Amino acid sequence: MTQTISPADIEIKPRQRKILTLPQIEKMAASIEKFGLFSPPVMVPGSEPGKVQLVSGFTRLQGMMYLKWEEIPYTLYEEADEITIKEMELEENIQRTDLEWWEKAEAVAEIHELRMSQDPTWNMRKTAEMTGEALGTVSQSVQLRDEVKTNPEMKTEKTLRGALQKLDVKKKLVEKRKDIERRAKGLTPSLRAEIIVGDAAELIKLEPDESFDAIVTNLPFGIDLEFKGGHKPYEDDEQLIIDLVQTVVVESFRVLKDDSWFAAWFDIRKITYSNAQLQLYKKLAGLTKLADYKKLFFDSMGLNFWLQEAGFSYVTLVPALWVKPNKTQGMIGDPRKGMIVAAEAMVLASKGGAFLMKQGRNNVFIYDSLSGSERDYSMQMPADLCTEVVSMVSLSGGRILDPFAGSGSIGLGALNRECEFKGYELNPEAASIGNMLLKQHHLAGQEKDG
């Protein structure tokens with residue numbers, strides 16, 4: 001039976017729902033004003049006489065309060081126990097379209113567990129029938145709810161599908177680690193490859209002069225990446241990255257042996273400069289009053305110029321390109337005017353009189369980017385591409401450095417070339433995955449030889 005009560009006597013406890021925006025409340029209020037209240041909110045007895053507790057109908061209640069109703073119609077459930085109240089609340093939330101995927105997964109999982117606590121014969125199929133969800137969705141909801149509890153960053157995934165893919169990758173990594181540990185027993189731990197967690201600008205300064213045969217790396221682009229959920233494993237501000245790259249370039253020249261190569265992928269917009277820019281820079285260099293502008297202009301000259309200023313004797317005038325035929329996403333700007341970016345640029349620079357190990361090759365490298373199922377980390381390059389680049393700049397047995405190692409793709413290329421590898425990586429998660437992949441590669445080689 002429908003009753004009425006003052007809004008002041010309604011208790012609203014913390015619950016699984018979003019904070020409503022003013023437009024949402026206004027929309028509900030307009031609907032109530034035009035069509036009336038089709039279904040009153042559901043209440044149960046409150047914490048003290050004369051009070052009631054809201055179970056379902058939060059948006060409707062907010063709409064009536066917006067209209068300044070002094071008496072709120074409601075339906076009272078006198079005998080509802082805690083489990084019934086929870087189920088009623090969760091059931092309403094499941095039907096809402098504005099829930100985040102993880103909120104809905106949490107609601108479905110809680111209903112399933114509440115029912116199981118009441119009925120030992122209860123199963124996921126019955127939960128699916130009760131909630132109107134697919135059986136697979138119920139199973140996935142239970143898995144993801146448990147994962148979100150231990151790993152809150154899962155909430156940053158935009159969709160249920162994305163969260164499931166991330167969970168699948170995590171499970172595969174766990175199994176891969178177990179497999180590596182099992183296979184490593186009894187084998188010689190002679191791996192000559194590692195990724196060290198830390199800041200490249202600081203770590204490279206600790207290396208002795210002329211201690212590497214080649215440097216191959218994927219420089220940070222400085223495009224201020226928006227990481228999901230606002231979590232950033234490192235800063236990607238443009239000016240910070242420009243300063244970082246300039247430091248690493250100078251140190252790279254120092255730690256490279258004579259007659260060796262520096263190869264780096266970089267943002268194509270920050271690579272080349274024109275003769276007009278060069279002439280203007282030379283004029284600015286002699287004007288002490290414009291010292292502040294000199295740094296600004298130096299930064300704008302790009303990677304090729306920074307390499308030349310560091311002492312590299314030869315720098316490719318036209319960058320090489322890694323072309324990705326399977327790239328179907330990555331539009332920049334207005335999708336009606338722009339094109340999908342399906343290529344990355346690479347610069348080669350030599351210290352001394354180095355020659356390429358593979359000569360006469362064109363400057364286009366055609367390799368598909370890795371699919372989601374092939375990647376162990378989000379920004380992972382094809383090992384075959386890295387192997388070819390390492391083979392161009394180093395003989396077998398050389399010592400390769402990657403100051404921005406990520407998950408170790410260039411390290412795998414170095415091992416394929418039978419080179420020693422050292423990498424730096426600021427993100428501990430990426431470094432951990434990279435070291436695991438390097439160890440896996442090493443074990444596969446030992447097993448093959450054995």
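The values are calculated or read from the model by the stated rules, or taken from the named source; none is laboratory data. Keep in mind the model is a prediction, meaning the values are calculated, not measured. Neighbour counts run over all protein chains shown; Cβ positions are idealised from the backbone, glycine included.
Under 8 Å between Cβ atoms, which residue pairs at least 6 apart in sequence (or on different chains) link something in segment 39-51 that is touching a residue at least 24 places away in the same chain (Cβ under 8 Å) with a partner that is part of a loop (DSSP other than H, G, I, E, B) and aromatic (Phe, Trp, Tyr)?
Val42/Tyr77; Met43/Tyr77; Val44/Tyr77
I'm trying to understand the selection: among the residues of segment 203-221, which are under 16 Å from Asp259 (Cβ atoms), of a type outside the set (D, E, K, R) and assigned to a loop (DSSP other than H, G, I, E, B)?
Correct list: Ser211 only.
Quick check on Ser369: is it assigned to a loop (DSSP other than H, G, I, E, B), of a type in the set (Gly, Ala, Ser) and either surrounded by 14 or more Cβ atoms within 10 Å (Cβ to Cβ) or modelled with pLDDT of 95 or more (or both)?
Answer is yes for this residue.
Restricting to segment 154-179, what's the tally of residues that are in contact (Cβ under 8 Å) with a residue 24 or more places away in the chain, closer than 18 Å to Gln140 by Cβ and not small (Gly, Ala, Ser)?
Residues in segment 154-179 being in contact (Cβ under 8 Å) with a residue 24 or more places away in the chain, closer than 18 Å to Gln140 by Cβ and not small (Gly, Ala, Ser): 12 in total.
Could you please find all residues in segment 416-441 being in contact (Cβ under 8 Å) with a residue 12 or more places away in the chain, out of contact with any strand residue (DSSP E or B) (no Cβ under 7 Å at 6 or more places or on another chain), closer than 23 Å to Glu202 by Cα and in a helix (DSSP H, G or I)?
Scanning segment 416-441 gives Glu429, Ala430, Ile433.
Which of the residues spanning segment 379-398 are in a loop (DSSP other than H, G, I, E, B), in contact with a helix residue (DSSP H, G or I) (Cβ under 9 Å, 6 or more places away or on another chain) and surrounded by fewer than 16 Cβ atoms within 10 Å (Cβ to Cβ)?
Met379
Can you say whether Arg375 is touching a residue at least 40 places away in the same chain (Cβ under 8 Å) and among the charged types (D, E, K, R), as far as the supplied structure shows?
yes
Return the only residue of Phe312, Phe305 being crowded, with 18+ Cβ neighbours inside 10 Å and either part of a loop (DSSP other than H, G, I, E, B) or among the acidic types (Asp, Glu) (or both).
After applying the criteria, what remains is Phe312.
Out of Glu92, Glu106, I need the residue that is among the acidic types (Asp, Glu), within 28 Å of Pro41 (Cα to Cα) and modelled with pLDDT under 75. Which one?
Glu92
Among the residues of segment 351-366, what is the count of those that are assigned to a loop (DSSP other than H, G, I, E, B) and surrounded by fewer than 13 Cβ atoms within 10 Å (Cβ to Cβ)?
Adding up the residues that qualify gives 8.
Regarding segment 188-196, can at least one residue be identified that is surrounded by 13 or more Cβ atoms within 10 Å (Cβ to Cβ), over 25 Å from Asp299 (Cα atoms) and modelled with pLDDT under 70?
Among the residues of segment 188-196, at least one is surrounded by 13 or more Cβ atoms within 10 Å (Cβ to Cβ), over 25 Å from Asp299 (Cα atoms) and modelled with pLDDT under 70, which makes the answer yes.
List the pairs whose first member sits in segment 313-334 and is over 23 Å from Phe253 (Cα atoms) and acidic (Asp, Glu), whose second member is at pLDDT 90 or above and surrounded by fewer than 13 Cβ atoms within 10 Å (Cβ to Cβ), and whose Cβ atoms are under 9 Å apart, counting only residues at least 6 apart or on separate chains?
Sorted first by the residue in segment 313-334, then by its partner, the list stays empty.
If you go through segment 250-269, how many residues are surrounded by 23 or more Cβ atoms within 10 Å (Cβ to Cβ), aliphatic (A, V, I, L, M) and part of a helix (DSSP H, G or I)?
The total comes to 0.
Return the only residue of Ala310, Ala343, Ala349, Ala354 being under 27 Å from the mean Cα position of the chain (by Cα) and at pLDDT 90 or above.
The conditions single out Ala343.
Residue by residue, here is whether (1) crowded, with 17+ Cβ neighbours inside 10 Å; (2) over 22 Å from Asp376 (Cβ atoms); (3) of a type in the set (S, T, N, Q) holds:
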| residue | (1), (2), (3) |
| --- | --- |
| Val108 | yes, yes, no |
| His112 | yes, yes, no |
| Gln118 | no, yes, yes |
| Thr121 | no, yes, yes |
| Glu129 | no, yes, no |
| Arg145 | yes, yes, no |
| Glu153 | no, no, no |
| Ala163 | yes, no, no |
| Lys166 | yes, no, no |
